[in-house]
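Below is the structure I would like to discuss, written out as structure tokens.
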Amino acid sequence: MTDAGGIISLNLNTARGQSGGVECYNCAPTRLITGGELATITIGTPPILTPKPEGLSGLWFDPMLEGEGYNVINAANGMIVYYYGYSAGGQRLWLLSDLYTQAVEFGKDIELGVAEFKGGTFLLPLGSQMASSGWGTLTINFLSCDKATFTLVGVDGNKTSQVVKLAGIVNTDC
């Protein structure tokens, strides 16, 4: 077997016709693999894990960049991400991503267009056609259910955040 993986074959037959077995420490519900003349275990590249989208929903932030963060929302029609932070000039910056409708896979980049929203007042908000302008892109790489890398590239420069989930949605599994 090489570092790239391979197959390990184990003979589970023992002398005098006795049965044999292999204990498995990460198997459920049983921890014993038995039976047959030969058990084959394939070792190699792990399968791509696809999290449940609702388990990724919530508030995300980089502990080294307090005062800004991301809100990830997953719904039946896809995922959308909000960024709340500041521009290069120190002004409030709110960005809203395009809708992402593909399956999310751990370790795979997702690139989304993002638009900036500003204008209007508390009593007279502007509609999205008047309040939004293209800003750049957001690339997301979910590393696990509670860790990810978010990279913004746009009008104000480039910023990479090593984020953790601050708060998720109650009763959702990833």
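Within 10 Å of each residue's Cβ, count the other Cβ atoms and sort GLU54, GLU111 from fewest upward.
Values: GLU54 18, GLU111 13.
So the ranking, lowest neighbour count to highest, is GLU111, GLU54.
May I ask for the Kirkwood hydrodynamic radius of the range 53-168, worked out over all distinct Cα pairs and given in angstroms to one decimal? Walk me through the numbers before you get to the answer.
Details: mean 1/r = 0.0685 Å⁻¹.
Evaluated on the range 53-168, it is 14.6 Å.
Considering only the other residues whose Cβ falls under 13 Å of the Cβ of LEU166, what net charge follows from Lys and Arg at +1 and Asp and Glu at -1?
Details: positive: LYS147, LYS165; negative: ASP62, GLU66, GLU68, ASP146.
That works out to -2.
Laboratory data are not the source of any read-out in this text; all were calculated from the coordinates shown. Just so you know, these numbers come straight off a predicted model, no measurement behind them. Neighbour counts run over all protein chains shown; Cβ positions are idealised from the backbone, glycine included.
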